[in-house]
Every structure is written in structure tokens, then in C-alpha cells.
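Enquirer: This is the structure, below, for whatever I ask next.
Derivation of every value follows stated rules applied to the coordinates shown; laboratory data play no part. In this text the structure is predicted, and so the values were computed from the model without any measurement. When we count neighbours, we look across all protein chains shown, and the Cβ atoms used for this are built from the backbone with ideal geometry, even at glycine.
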Amino acid sequence: MVKFLKPNKAVVVLQGRYAGRKAVIVKSFDEGTRDRPYGHCLVAGIKKHPSKVIRKDSSKKTAKKSRVKCFLKLVNYQHVMPTRYTLDVDLKDVVTVDSLQSKDKKVSACKATKQKLEERFKTGKNRIDKFSSRDQEADDRCLLHVVMLALSCLEEAMPMVMEMEMAMVMLVFLVPESVMGEHAHAIKQQH
């Protein structure tokens with residue numbers, strides 16, 4: 001059997017107190033241990049994720065909204081759902097199985113994990129920049145202008161009117177009517 005539950009694999013916890021929370025596998029025990037004779041893994045997860053930050057927030061409020069709360073847990077393989085993602089933050093040196101033995105070690109490991117995850121969050125890696133529709137319309141208009149210019153040059157150079165008409169009809173189907181404006185209306189009247 002292929003072992004795909006490897007360290008740094010992002011998973012979703014399915015059972016228990018942290019059900020539905022995202023976590024990262026720190027260490028996996030495929031064969032189990034003496035205490036737990038089944039496949040399980042040590043996970044470091046996000047108990048509370050950062051909130052959305054808006055421009056008018058003060059720096060104090062932004063810092064508060066950017067906080068992360070973490071948890072550490074040994075979880076049965078049956079109770080995690082793997083995702084296709086992996087995390088590039090290495091938590092092996094911070095979180096160990098020994099850190100779960102006492103409350104003090106667990107708290108210090110959680111704090112170190114929290115610090116690493118907040119640091120990763122503040123770097124702004126993997127942010128999604130939304131492409132505005134205004135930019136898209138401007139790009140479409142520019143592209144349409146170039147295509148119309150190219151078609152007019154072809155029309156002058158080549159006497160094949162049928163091919164030009166076919167190209168114009170195909171252009172009407174590819175570019176939205178709102179962008180083409182009067183050109184689309186004129187082509188539709190011809191056909």
C-alpha cells in the first residue's frame with residue numbers, strides 16, 4: 001500500500017473536539033505503537049484562523065485579527081481526511097511526541113507552532129489577487145481592436161470575402177456583445 005500520509009501534508013480533522021479544523025501532519029506512525037496499535041499521526045492544527053483585515057483597521061486591531069491559535073494531537077488515520085496540499089513550514093523540530101506528555105511541554109510547543117504559523121501568514125505567500133472586471137473589459141476592448149485591425153488588413157490584402165465573413169461570425173461568438181458594441185450589431189444584420 002502506498003503511504004501518502006507523510007509529514008507536511010495538510011489534512012482536515014473529522015472527529016473529536018477539533019472536527020472540521022485544518023491541520024498538518026508532523027509525524028506519521030503507519031504501523032502504530034505499543035500504546036496505539038493502529039495507524040495514527042501527530043498533527044499540529046489551527047484552532048482559530050486569522051480574521052479578515054480591512055484597510056481602515058488600526059495596527060493594533062490588525063495585529064489582533066492576524067493571530068492564530070493552534071492545537072497538537074495524536075489522531076487515528078481514520079479520523080483525518082487528507083488534502084492535496086502540503087505546507088512548507090517545517091514543524092518537526094518544534095513539535096514532538098514527547099511534547100504531548102506534560103502540560104508545560106505541550107503549551108510551549110503550541111506557542112512555538114503558533115509563532116511559526118503566524119510568521120508564515122505574515123509573509124503573505126500564496127495570496128489570491130482578484131482580477132477586477134474593469135481590467136478584463138479593458139483588455140477585451142484592446143484585444144477586439146487588434147483583431148478588427150488585423151481583419152481589416154486581411155480584407156484589403158486578400159480578396160477572399162467568404163473567409164473574412166466566417167472569421168467575423170466566429171468573432172461574434174467568441175467576444176461578448178457588450179464589448180463588441182456596434183461591430184456585433186452590424187455583423188448580425190449582415191447574417
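Enquirer: Which ordering of His49, His79 is given by a fewest-first count of other beta-carbon atoms within 10 Å? Walk me through the numbers on the way to the answer.
Expert: Numbers: His49 12, His79 18.
Least crowded to most crowded, the residues run His49, His79.
Enquirer: Using a 7 Å offset from the Cα along the Cα-to-Cβ direction at both Ala138 and Asp93, what is the distance between the two label points in nm, to one decimal?
Expert: Result for the modelled spin labels: 4.6 nm.
Enquirer: Okay, moving on. Using 0.36 nm per residue, how much length does the chain from Val107 to Lys48 gain when fully extended, once their Cα-Cα distance is taken away? Show your work: numbers first, answer last.
Expert: Details: separation 59, 0.36 × 59 = 21.24 nm, distance 1.57 nm.
Going from the current span to full extension adds 19.7 nm.
Enquirer: How far, in nm, would the chain grow between Asp57 and Arg84 when pulled straight, counting 0.36 nm per residue and subtracting the alpha carbon separation? Before the final figure, lay out each step's value.
Expert: Numbers: separation 27, 0.36 × 27 = 9.72 nm, distance 3.41 nm.
The span from Asp57 to Arg84 would gain 6.3 nm if fully extended.
Enquirer: Output the peptides 26-36, 113-123 sorted from most to least packed, where packing is the average of other Cβ atoms within 10 Å over each peptide's residues.
Expert: On the way: 26-36: 12.8, 113-123: 16.2.
Result, highest mean first: 113-123, 26-36.
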